[in-house]
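Input: a single structure, listed below in structure tokens.
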Amino acid sequence: MSARRKEGAVEENKESFSEEKRSAEEEDFEEAMREAASSAAPRTKHGPPKQHIILNIPEAVDDFLRNFLRRAGLSQTLDSFEAEWYGSVQKLLTETLRTSPAGVFFIPDALTHRQLLQSELETVRRETDLLRKEVLAAGESLVRMQRERDFHRQQYRRAAEDKNRLIEDFKQLKKHLESYEPALRKLDDKYQAALRQKMLLSLEKDRVQNTTDARLSQEKPRNKTERSIKKSADKSSASTSRHPKDSESPSSFSLSCSIKAHKLPISCIDLHPRKLILASASDDRSWRLWALPASGEKVGQMVLTGEDHSDWLSGCSFHPEGGKLATTSGDTTVRLWDFSRGCCVLTLSGHSQPTWGCSFHSCGHFLASCSADRTAKLWDLNSQRCRLTLRRHTASVNSIRFLPFSNLLLTCSADKTLALWDARLGVCTATFHGHQHPCNHATFDLTGEVVASCDSHGLVNLWDIRRPASAVATVDAGPLGANQVAFSPSGKMLAVASNDSLVRLVEVDSHAVSSLSGHRDGVQSVTFDHKGEIVISAGSDGLINVWSWYK
């Protein structure tokens, strides 16, 4: 009994010693873990917590094994189990402390787990506060943008309403204007008819006045009859001396001089108002002045030349005073040249296509031009601007001419018509219909009562300006086209420049036709001198031929 008691006492002492030893080791381990946690706490960074592995020790199994061994009386086995068990746990904790990347080991208890969760909760709360502030700021900006959107939407609606209202007003005004167009056309037709009637009345008035004067002169006393007969005889003899060709045959003209004026075709010539000086315009982009040969001479002399156009020249015209020259060109411009300066002093731009011809008003302050853009323009040379643009023709306007000492302007067009304009008002007073082919040129005689025109098939029409409905006479100067016509100073003869290299002379009264040959290519331009004794022609061969009348 005593031995068993001793053994039981020894076992109790061992158990108490092992429990004390185990409690001491646990207290030392907890203190070491606390120191490690306190030293590692400042190293932690705020941010999303990392996922740590918490070691879960099955304490219920540990207690079960101890109680089982203790009941079974296996004290040595219990001691070995406790030593090996706690040794393995200590070793596992030491390796975990060494191998942990953060150098921190979390004690596997509820307190440490609570601290980890609390730190994560604080981090989440801070992030929540930041997100709440950002959401509030975004909400304020959204409200502000919505207000701006509503404001701009309202402004857009107002602008759209104003636009729709303006469109409606424009449509109403357009309809209102269209309702007035028939009335305006009727008024325009009445106005043009009144202008024609006025012009016809003025012409009739002049004729009646001339007839009355003639009758009064016939009713003078007989003692003055002989004196009047003598005066009329003197006048007839003077007229015969001035225009001998009018009583002679047109075949009395012969070629007296030929001038090689240009290397390229000559498109137009014009005679100086008072002197025997001729201007020529050519496809070589230049114009030249020529002193025509006097009686007995065979050679013409070039006086002046000018080059400034960028394309071929189509026409030229002398200023009434003779000191300037106007030229038209394929570069769509009209240029004014001053002989005293020897250069271009004015360039008139306004046509959109090549210009074909020009003509000065008798006062010299206005210049008319025609173009392939279907318009004719009246230029004010003092203000250097376009005063009027005449639109009626439906095709290219090929020639233009002022009636001497008048405001009437004559144009002809490729639409087969001629038009008479009042240059003061810019209205068409008469239209001449009768050509079956495009008209190339038209001109007046000096009296302004007869108009001659030619077309691309060589037909020449003579018109009475007071009866534009139909031509008075038609002369065939074909078979090829006629490029230009010109009246003699007396008005009894007409020169025609033909494409068949001939110059045709037409007697206005008898309509007899004769020809002058001397060009090697088509004749483009023709004119008479101041007395009607010389015919001057120019053609595509670059020649200027001078034809003189001989007895």
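If we keep just the residues of region 58-115 that are open to solvent by 60 Å² or more (accessible area, probe 1.4 Å) and part of a loop (DSSP other than H, G, I, E, B), which is modelled with the highest pLDDT?
It comes out as 74.
Exactly one condition in (1) touching a helix residue (DSSP H, G or I) at 6+ places or on another chain (Cβ under 6 Å); (2) closer than 17 Å to residue 434 by Cβ is false for residue 505; which is it?
(2)
Regarding residue 537, is this residue surrounded by 24 or more Cβ atoms within 10 Å (Cβ to Cβ), in a strand (DSSP E or B) and among the hydroxyl-bearing types (Ser, Thr, Tyr)? Steps first, answer last, please.
Numbers: surrounded by 24 or more Cβ atoms within 10 Å (Cβ to Cβ): yes; in a strand (DSSP E or B): yes; among the hydroxyl-bearing types (Ser, Thr, Tyr): yes.
Spelling it out, residue 537 is indeed surrounded by 24 or more Cβ atoms within 10 Å (Cβ to Cβ), in a strand (DSSP E or B) and among the hydroxyl-bearing types (Ser, Thr, Tyr).
I'd like to know if region 476-483 contains one or more residues that are crowded, with 23+ Cβ neighbours inside 10 Å and part of a loop (DSSP other than H, G, I, E, B).
There is at least one residue in region 476-483 that is crowded, with 23+ Cβ neighbours inside 10 Å and part of a loop (DSSP other than H, G, I, E, B).
Test residue 470 against the stated conditions and say whether it is open to solvent by 10 Å² or more (accessible area, probe 1.4 Å), in a strand (DSSP E or B) and more than 16 Å from residue 261 (Cβ to Cβ).
It is false that residue 470 is open to solvent by 10 Å² or more (accessible area, probe 1.4 Å), in a strand (DSSP E or B) and more than 16 Å from residue 261 (Cβ to Cβ).
Can residue 488 be described as modelled with pLDDT of 90 or more and under 20 Å from residue 328 (Cβ atoms)? Show your work before the answer.
On the way: modelled with pLDDT of 90 or more: yes; under 20 Å from residue 328 (Cβ atoms): no.
Judged against the criteria, residue 488 is not a match.
Do the conditions hold for residue 497, that is, is it among the hydrophobic types (A, V, I, L, M, F, W, C) and surrounded by 21 or more Cβ atoms within 10 Å (Cβ to Cβ)? Write out each step before concluding.
Working: among the hydrophobic types (A, V, I, L, M, F, W, C): yes; surrounded by 21 or more Cβ atoms within 10 Å (Cβ to Cβ): yes.
Criteria met by residue 497.
Is there a residue in region 491-502 that is in contact with an Asp or Glu (Cβ under 9 Å, 6 or more places away or on another chain), at pLDDT 90 or above and outside any loop (DSSP other than H, G, I, E, B)?
Yes, some residue in region 491-502 is in contact with an Asp or Glu (Cβ under 9 Å, 6 or more places away or on another chain), at pLDDT 90 or above and outside any loop (DSSP other than H, G, I, E, B).
Can you tell me which residue within region 386-409, out of those that are out of contact with any Gly (no Cβ under 9 Å at 6 or more places or on another chain) and either hydroxyl-bearing (Ser, Thr, Tyr) or farther than 21 Å from residue 330 by Cβ (or both), is surrounded by the fewest Cβ atoms within 10 Å (Cβ to Cβ)? Full working, then the answer.
In the first step, residues of region 386-409 are kept if they are out of contact with any Gly (no Cβ under 9 Å at 6 or more places or on another chain); the result is 391-396, 402, 407, 409.
Restricting the remaining residues to those that are either hydroxyl-bearing (Ser, Thr, Tyr) or farther than 21 Å from residue 330 by Cβ (or both) gives 391-392, 394, 396, 402, 407, 409.
Values: 391: 13, 392: 17, 394: 11, 396: 19, 402: 24, 407: 15, 409: 27.
Taking the candidates together, the pick is 394.
For region 297-328, which residues satisfy the criterion of being assigned to a loop (DSSP other than H, G, I, E, B), surrounded by fewer than 13 Cβ atoms within 10 Å (Cβ to Cβ) and touching a Lys or Arg at 6+ places or on another chain (Cβ under 8 Å)?
Of everything in region 297-328, just one residue is assigned to a loop (DSSP other than H, G, I, E, B), surrounded by fewer than 13 Cβ atoms within 10 Å (Cβ to Cβ) and touching a Lys or Arg at 6+ places or on another chain (Cβ under 8 Å), namely 310.
The values are calculated or read from the model by the stated rules, or taken from the named source; none is laboratory data. None of the values given here were measured: they were computed from a predicted structure. Glycine gets a Cβ as well: all are built from the backbone with ideal geometry, and neighbour counts include every protein chain shown. Areas reflect the complete protein model, heavy atoms only, side chains present, ligands, DNA and RNA absent. Shrake-Rupley method; radii C 1.70, N 1.55, O 1.52, S 1.80 Å.
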